[in-house]
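My questions all concern the structure below.
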Amino acid sequence: MSVTRMIKRSAIAALLAGAAALAAPLAVHAQQNTLRVVMHSDLKIVDPIWTTAYITRNHGYMIYDTLFAMDGKGDIKPQMVDKYSVSADNLNWTFTLREGLFFHDDKPVTSEDVIASLKRWGAKDSLGQKLMSFVKEWKAVDSRTFTASLNAPTGLMLLALGKPSSNVPFIMPKRIADTSPNEQIKEYIGSGPFVFKVDEWKPGDKTVYLKFGKYKPRAEPPSGMAGGKVVKVDRVEWRAIPDAQTAANALAAGEVDIVEDTKSDLLPTLAKNANLKFFDANPLGNQYVFRFNVMHKPFDNPKIRQALFYAFNQEDFLKAVHGDAKYYQVCKALFICGTPLASTKGMEDKLESNMKKAREMLAEAKYDGTPVVLLHSTDLEVLTNLAPVAKSLMERAGFKVDMQSMDWQSVVARRAKKEAPSAGGWNAFMTSWVAADVLNPVGTAFLNSSCDKALFGWPCDEQLEKLRDQFARESDPVKQKAIAEQVQLRYLEYPTHVHLGQWKKPMVLRNNISGNVVAPVVAFWNVEKK
């Protein structure tokens, strides 16, 4: 071989070695700046106004932003809004957006976008519907300023616009927000801290988000859902791993960084792993519920629904899912225990599995043995064991139960159907609300009893609606408490659902993950991977 050829080969080898040396730290950097997370459910529905499903709400917080947000103390703070004012008679509100807000298509966020988004949200959400009943007109003053004129004063304005959980008043471009709230949107463009990579979205595999370079965080530190949403990773991947043990193994091996929800019986083992840590993101926890469909037999009869307050007990449900009592709390209060509106009024003899009383009530109501089509979610660990417990208790009380098993996203799709149970509809399903969603009569979506405007289940009760209106108009905490107790008593007469206790569970994450925010929603801004 000639000397010249040897020199050339050496030079090429040196170049390749140099390229490899450069590529290695770049690969490490890419690995460090990609956050891999196993969420509680796979993302299949991506319109956060069309559904209340929490995985869709979480997706919403990735790509959209809100006008106001609830901080860690429960106070409502401006988010997209720079400043706002209200007239002395509390009938006229003026809002001005922050400068420099852009959608992911590089178009500025305008007042017209905001108004269209609020109208779509207000047609669907329980709290939004109640707020809109007070609003006479939304009006764009200029590109960044808009007003709300009210027909009566209400304390709901900031509470509603800063609502932290489903449905959240996310802001979308007007052309998207003009979609009927009863139809799903087909474009997924927001102004939030992350961009949704639609081309990489593979339901059943992964969902991908990229840092939005033009996002302008607030200057304040993050607190709850409020403050500066500073993104510290370049990419977030939600990995769909439905088996809890497989997800735990992936976490232990460093293949994923966070598991939002894992089986309670795996927590003691994970706690022994020196590379992992627990994070309690939501100290107030969550509330289990059994939801009725009042449109069809047998639950069109309130007396038959009342029987379940005697057939059910909370501890059977809570133990079946969580086992360890440190992860659950029996709480007969309709509104979360430990919060201002919590009360056990009217609940003294309820939720004790008094089967004799339950059977007597079914006899009085002339229950004719109509089967209850109970939807059973099989792929969410926090829900899977609930429906079998309900079936067992209901059958002991004298109900006939047809439990139909399916994944959670199928439950979400089916519960929107109004058809008879025999034609693909349903009678009942079980779910869980984050505590922030069930703190008062107006925010508790399942109490909405406005008939066709109510959430799936469609309760229709003029008295409950009048009480919710009274609460919306009242600002005195003492009087609000009294109204909330009246709501609870009416709820026992006209049940919209049955509340079945409180629970909470920590997220599990690797030690190199930091900055997670304590909030009722899993947030990925401020999260750092070292």
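Mind scanning 206/277; 186/453; 83/216; 130/505; 174/505; 130/357 and naming the pairs with a C-alpha gap bigger than 28 Å?
130/505; 174/505; 130/357
Something else about it: Please identify every one of the GluC sites (Glu not before Pro) in the range 220-280 that sits in a loop by DSSP and has no more than 14 other beta carbons within 10 Å of its own beta carbon.
The qualifying sites are 255.
Also, quick follow-up: Check the chain for me: any Cys whose beta-carbon has no other cysteine beta-carbon within less than 4.7 Å?
So far as the 4.7 Å Cβ criterion goes, no cysteine stands without a partner in the chain.
Report the local net charge at residue 463: Lys and Arg +1, Asp and Glu -1, summed over other residues whose C-beta lies under 12 Å from its C-beta.
Local net charge: -2.
Roughly how many nanometres apart are two label points built 7 Å out from the Cα toward the Cβ at residue 139 and residue 475?
Here the answer is 2.3 nm between the modelled labels.
In the chain, if the dipole is taken from +1 on Lys/Arg beta carbons and -1 on Asp/Glu beta carbons about the Cα centre, which of 367, 179, 225 is farthest to the positive end?
225
Below 16 Å, Cα to Cα, which lysines can residue 211 reach? Residues fewer than 8 away in the same chain don't count.
List returned: 197, 229, 232, 529.
Would the range 171-210 count as rounded, prolate or oblate if I go by the C-alpha gyration tensor, calling it rounded below 1.5 in a/c and otherwise prolate when a/b exceeds b/c, oblate otherwise?
Oblate shape, in that a/c is at least 1.5 and b/c is the bigger or equal ratio.
Follow-up question, since we're still on this one. Using amide H atoms built in the peptide plane, which far-off residues or other-chain residues are under 5 Å from residue 35 H to H?
Excluding prolines and chain starts, which carry no amide H, the hits are 235, 236, 237.
Starting from the Cα of residue 86, step 7 Å toward the Cβ, then list every residue of the range 449-491 with an amide N under 17 Å from that point.
Answer for this model: 469-480.
Can you give me the angle between helix 462-473 and the longest principal axis of the chain, using Cα atoms only, in degrees from 0 to 90, rounded to the nearest 10?
The helix 462-473 is inclined about 60 degrees to the chain.
A follow-up question, please. Each residue of the range 263-275 in order: what ³J(HN,Hα) in whole Hz does its phi give by Karplus 6.51 cos²θ - 1.76 cosθ + 1.60, θ = phi - 60°, with x for Gly and Pro?
3J(HN,Hα) across the range 263-275, in whole Hz: 5, 4, 6, 8, 4, x, 5, 5, 5, 7, 7, 5, 8.
Please state the charge dipole magnitude for the chain, taken about the Cα centre, from unit charges on C-beta atoms (+1 on K and R, -1 on D and E), reported in debye and rounded to the nearest 20.
That gives the chain a dipole magnitude of about 920 debye.
Something else about it: Please list, in chain and number order, the residues 5+ apart from residue 215 or on another chain whose amide H is under 5 Å from its amide H, with Hs placed from the backbone.
For residue 215, no residues qualify.
Given the C-alpha atoms of the range 151-279, compute the convex hull and give its volume per residue in Å³.
So the per-residue hull volume is 201 Å³.
Among 474-484, 351-361, how do they line up by average Cβ neighbours within 10 Å per residue, starting with the highest?
Descending packing order for the listed peptides: 351-361, 474-484.
Can you tell me the dipole magnitude for the range 54-177 around its Cα centre, using point charges on the Cβ only (Lys, Arg +1; Asp, Glu -1), in Debye to the nearest 20?
The calculated dipole for the range 54-177 is roughly 320 debye.
By how many nm would the segment from residue 272 to residue 404 grow when fully extended, if each residue of separation counts as 0.36 nm and the alpha-carbon distance is taken off?
Contour length minus Cα-Cα distance gives 43.8 nm.
Between residue 325 and residue 98, how many nm apart are label points set 7 Å from Cα along the C-beta direction?
4.6 nm
Sticking with this structure for a sec: Could you rank the peptides 110-117, 124-131, 181-188 by their average count of other C-beta atoms within 10 Å per residue, with the highest value first?
Final packing ranking: 124-131, 110-117, 181-188.
Among DSSP beta bridges whose residues both lie in the range 286-503, state the antiparallel percentage, nearest 5.
65 percent
Could I ask something else about it? Report the extension gain between residue 514 and residue 348 in nm, rounded to one decimal, defined as 0.36 nm multiplied by the number of residues separating them, less their alpha carbon distance.
Contour length minus the Cα-Cα distance gives 55.4 nm.
P(r) tail for the range 54-177, what percent of Cα pairs lie past 23 Å?
Of all Cα-Cα pairs in the range 54-177, 24 percent lie more than 23 Å apart.
Next question. Go through the range 368-378 residue by residue and turn each phi into a ³J(HN,Hα) via Karplus (6.51, -1.76, 1.60, θ = phi - 60°); whole Hz please, and just put x for glycine and proline.
Values, residue by residue: 9, x, 4, x, 8, 7, 9, 7, 10, 7, 9 Hz.
Could you give the radius of gyration (one decimal) and Dmax (whole number) of the Cα atoms in the range 83-132, in Å?
13.4, 40
Quick one: go through the range 184-212 and flag any residue whose amide nitrogen is under 20 Å from the point 7 Å out along the Cα-to-Cβ line of residue 279.
Counting backbone N atoms under 20 Å from the label point, the list is 193-195, 207-212.
Taking 0.36 nm per residue of sequence separation and subtracting the Cα-Cα distance, how much length would be gained by fully extending the chain between residue 230 and residue 214, in nm to one decimal?
Value of the extension gain: 4.6 nm.
In degrees, nearest 10, range 0 to 90: what is the angle between the Cα axis of helix 111-124 and the longest Cα principal axis of the chain?
40 degrees
Something else now. The chain: Rg/Rh from Cα coordinates, Kirkwood Rh?
Using only Cα positions, Rg/Rh for the chain is 1.02.
Counting only residues 5 or more places away or on other chains, whose amide H sits under 5 Å from the amide H of residue 403 once H atoms are built in the peptide plane?
Hits under the 5 Å cutoff: 374.
Here is a follow-up. Measure nothing but the geometry: give the 0 to 90° angle between the long axis through the Cα atoms of 355-364 and the longest principal axis through the Cα atoms of the chain, rounded to 10°.
60 degrees
Taking neighbour counts of Cβ atoms within 10 Å as a proxy for exposure, in what order, fewest first, do 133, 432 appear?
133, 432
A follow-up question, please. Once R0 is set to 22 Å, what does the formula 1/(1 + (r/R0)^6) return for the Cβ-Cβ distance between residue 197 and residue 105, expressed as a FRET efficiency to the nearest 0.05?
It comes to 0.95.
Quick one: 3J(HN,Hα) in Hz for the range 333-344, Karplus 6.51/-1.76/1.60 with θ = phi - 60°, rounded, Gly and Pro as x.
5, 4, 9, 2, 4, x, 10, x, 9, 5, 7, 9
Residues of the range 359-390 with the amide nitrogen closer than 19 Å to a label point 7 Å from the Cα of residue 417, along Cα-to-Cβ, please.
Label zone hits: 371-379.
Also: Once you place label points 7 Å from the Cα toward the Cβ at residue 301 and residue 265, how far apart are they in nm?
The answer from the label model is 3.9 nm.
None of the figures in this text is laboratory data; all of them are computed from the coordinates on show. The structure presented is a predicted model; accordingly, all values stated were derived computationally and were not measured. Because the Cβ atoms are built from the backbone with ideal geometry, glycine has one as well, and the counts that use them run over all protein chains shown.
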